[in-house]
Amino acid sequence: MGRSRYKILNEAYPYFHTLTVAGWQPVFTRPESVQLLFDSFIWLQENTDFRLHAYVILENHLHFIASGSQHSKRIQQFKSFTARQILDLLEQRKATTFLSYFAYYKRKHKTESHYQFWQEGSHPEEMNNDTMLMQRLAYIHNNPVKRGYVDLPEHWRYSSARAYAGKDALLPIVLLY
């Protein structure tokens, strides 16, 4: 069995993840690239027992809390599928500057692709107590506020803060409280 970069030790708990675009390239500034992330999360929720509890998508990375069985496999599926879809979109749009960056970040030993879209790993953190869970939830939702993009977390379009504030969200989630 191959090694896993996603150290999920106890699937009974939700996990906090950070996924970062290689080189911190700002690809999530257009709605169509964010929609590819949404579509992948929705597919996982509809076709597996993957549960998305919280998320925020910024221009070059995303944070989320999720749970479910085969969690490592689901994260790998998400990263693989979204990378391929976004790279295809960039090729269709002839976004040569982005594509040249992603070609640059690809490791030489990786011969199955021309590009590296996501930074390797996701560094999952087990949320095994309520204090930690609430801290990470606040961190996720306040990320756009700390960056000065919005005044209130629920004003950020690509965040589950909207759902936690009782407003319509763009992506279905399973609330933690």
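The values are calculated or read from the model by the stated rules, or taken from the named source; none is laboratory data. In this text, all values refer to a predicted model and were calculated from it rather than measured experimentally. Cβ coordinates were reconstructed from backbone atoms using ideal geometry, including for glycine residues, and neighbour counts include every protein chain displayed. Keep in mind that these areas ignore ligands, DNA and RNA; they rest on the heavy atoms of the full protein, side chains included. Shrake-Rupley method; radii C 1.70, N 1.55, O 1.52, S 1.80 Å.
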Would you confirm whether any residue within the stretch 10-28 is at positive phi, open to solvent by less than 50 Å² (accessible area, probe 1.4 Å) and among the small types (Gly, Ala, Ser)?
yes
Selection count, the stretch 90-147, where residues are closer than 16 Å to Ala54 by Cβ, of a type in the set (Asp, Glu) and open to solvent by less than 90 Å² (accessible area, probe 1.4 Å):
2
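Which ranges mark the helices (runs of 4 or more DSSP H) fully within the stretch 20-128 that have 1 or more residues being in contact (Cβ under 8 Å) with a residue 24 or more places away in the chain and under 13 Å from the mean Cα position of the chain (by Cα)?
31-47, 71-92
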Name the pairs whose Cβ atoms lie under 9 Å apart, with the first residue in the stretch 147-172 and under 16 Å from Val34 (Cβ atoms) and assigned to a loop (DSSP other than H, G, I, E, B), the second hydroxyl-bearing (Ser, Thr, Tyr) and open to solvent by 50 Å² or more (accessible area, probe 1.4 Å), and 6 or more positions between them or separate chains?
Trp156/Tyr149
Hey, among His71, His63, which residue is at pLDDT 95 or above and buried (at least 20 other Cβ atoms within 10 Å of the Cβ)?
His63
Somewhere in the stretch 43-53, is a residue at pLDDT 95 or above, more than 27 Å from Ala95 (Cα to Cα), among the hydroxyl-bearing types (Ser, Thr, Tyr) and surrounded by fewer than 20 Cβ atoms within 10 Å (Cβ to Cβ)?
yes
